Amino acid sequence: MKKGLLKVAFFGLLLGGLFTMTSCHESPAAAGTDTPEIREVLNTISGTILGSDGIAIANQTVQVTDVNGTVYTARTDANGYFIIDGLKAGSYTVTVPNNPNYVDFSKTIELGNANKTGDVQVLSIVMTKKTEVIANISLETGTAGTGEETTSETVLNNTDTDVNADDSKIDVNISVGAGTIASAGGVNITDETIVVTPFYDESAATTRATSVTSALYYGLYIHFASGRSIQNVTLSKPITITFDVDGSLVNSMYVKMLNFNNGTFERLDNGVEWNAAAGKITITTTKLGYFGLYFDVNEVSQNAEEKLTISNPSITGPVANPTVNYIYKVGAKLTTGVGGAYAKAFLKNWIIRQHGRASVASIPGKYTVNVTLPSENWSIYATGKQAFTKYTYTSLGASYGADVYGAAVISYSISERRTHSGGIVND
């Protein structure tokens, strides 16, 4: 960022004392007396204002406020110098406000009293650089996806989705020192805009390379808006990424960053601070790229099955190619979670992303039996069952269950009813 030098005309301030004027004609009361001259000693605040780079800040407003709220104002000259005089004894607050590049400066000082020579306070003020906020965003939890479920007879494209009912989100603040530049191949990059794109799964950034026990809650892709490659680019000042996380969960989470060389996310420890008291995880880095917040999940699974609902389990002839109507389920049914609300929200949303949805849809199925029942003496009786897997997930001091439905199976038997008047009938 180029800074223009603002030229100002500086007018010298006339340093004046307050003098008590005496009359050339004595009043009758004063005649023949020796009355001393009364002088109130006044004080001065002066100084220079420099930026953090040591360069004088010109045309900067300086305010001095007394205990009664009276404000005295001056501006710096081309050398960053200012002076405010004619101040009575007392306490004053010196403020350097409203600079777009620097944090407001404030200092309280005591000036002398009327019984001593005028007090001159000389300040040397070095301003602190502001940080430029790249993004201050709230990352929402992911929503459910769609997929296909297979029974032994049917492949159905399931469009049932479940929008997460928990209003759980994490606030993230990404900032970098004002005036930051990047360098690539010896060329300074000054005209780039750094942007942040959230993602909710490693596959959104690269090929998924971690096991089920490495659970990504969400991530950030910090990059240049121009599309310029961010590999091998080093920022001249570090970026700070702050995740606002429930304090009880901070020490159970960690950060991963994409390694562009091998395409996998690797744990990042250097430059990461965990502050449970403040509920923050902070990354300080001079690299752009993919950063993800992770927590470990323990998974226990158990196979189970349940009976299918069949609307016409018994079919009697005569009929050709009878159809069995039944209901099967697709999706993942979440069972009641245990633990803190914040931790359960993390875990629930991770389960939704793993299994594609957070609710179960009941789907009508039809199965045609390739047989002809020639008369009412012939009948079919159908039964069915559906497999599902009961998962239990634990993480962050919470637990959540999910019943994930799989294939449905129809079984049937064909029988013939025989009548006789007596004796034994051999089939």
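The values are calculated or read from the model by the stated rules, or taken from the named source; none is laboratory data. Keep in mind it's a predicted model, so treat the numbers as computed, not measured. Quick reminder, even Gly has a Cβ in these numbers, built from the backbone with ideal geometry, and neighbours come from all protein chains shown. Accessible surface is based on the protein model in full, side chains and every heavy atom, while ligands, DNA and RNA are left aside. Shrake-Rupley method; radii C 1.70, N 1.55, O 1.52, S 1.80 Å.
Within region 88-105, the set of residues being among the aliphatic types (A, V, I, L, M), assigned to a strand (DSSP E or B) and under 14 Å from G51 (Cβ atoms) comprises just one member, V96.
Which members of region 408-427 meet the condition of being open to solvent by 50 Å² or more (accessible area, probe 1.4 Å) and at pLDDT 85 or above? V409, S411, Y412, S413, I414, S415, listed by residue number.
For region 394-408, the set of residues classified as farther than 16 Å from E306 by Cβ and assigned to a strand (DSSP E or B) consists of T394, S395, A398, S399, Y400, listed by residue number. Could you look through region 376-398, keep only residues that are open to solvent by 40 Å² or more (accessible area, probe 1.4 Å) and among the polar types (S, T, N, Q), and pick out the one that is farthest from the chain's Cα centre (by Cα)? For region 376-398, the residue satisfying everything is N377. Would you check if there is a residue in region 81-98 being open to solvent by 30 Å² or more (accessible area, probe 1.4 Å), of a type outside the set (G, A, S), touching a residue at least 60 places away in the same chain (Cβ under 8 Å) and over 15 Å from T44 (Cα atoms)? No: zero hits.
If you filter region 105-125 down to residues that are at pLDDT below 85, open to solvent by 80 Å² or more (accessible area, probe 1.4 Å) and not aliphatic (A, V, I, L, M), you find that the one that is nearest to G80 (Cα to Cα) is T117. If you go through region 233-256 one residue at a time, do you hit one that is open to solvent by 70 Å² or more (accessible area, probe 1.4 Å), in a strand (DSSP E or B) and acidic (D, E)? For region 233-256, residues open to solvent by 70 Å² or more (accessible area, probe 1.4 Å), in a strand (DSSP E or B) and acidic (D, E): absent. Scanning region 325-348 for residues that are in contact with a Lys or Arg (Cβ under 7 Å, 6 or more places away or on another chain) and over 30 Å from V245 (Cβ atoms) yields one hit, N325. Considered as a group, the residues in region 271-293 that are part of a loop (DSSP other than H, G, I, E, B) and more than 14 Å from I239 (Cα to Cα) include one that is least open to solvent (accessible area, probe 1.4 Å), and that residue is G279.
Is it the case, given these coordinates, that L220 is at pLDDT below 75 and open to solvent by less than 10 Å² (accessible area, probe 1.4 Å)?
no
Scanning region 335-362 for residues that are at pLDDT 85 or above and of a type in the set (A, V, I, L, M, F, W, C) yields one hit, V338. Taking the criterion of being small (G, A, S) and surrounded by 15 or more Cβ atoms within 10 Å (Cβ to Cβ), the residues of region 308-364 that qualify are G317, G331, A332, G337, G339, G340, A343, A345, G356, A358, S359, A361.
Among residues that are under 28 Å from A345 (Cα atoms), surrounded by 15 or more Cβ atoms within 10 Å (Cβ to Cβ) and modelled with pLDDT under 90, V297 is included.
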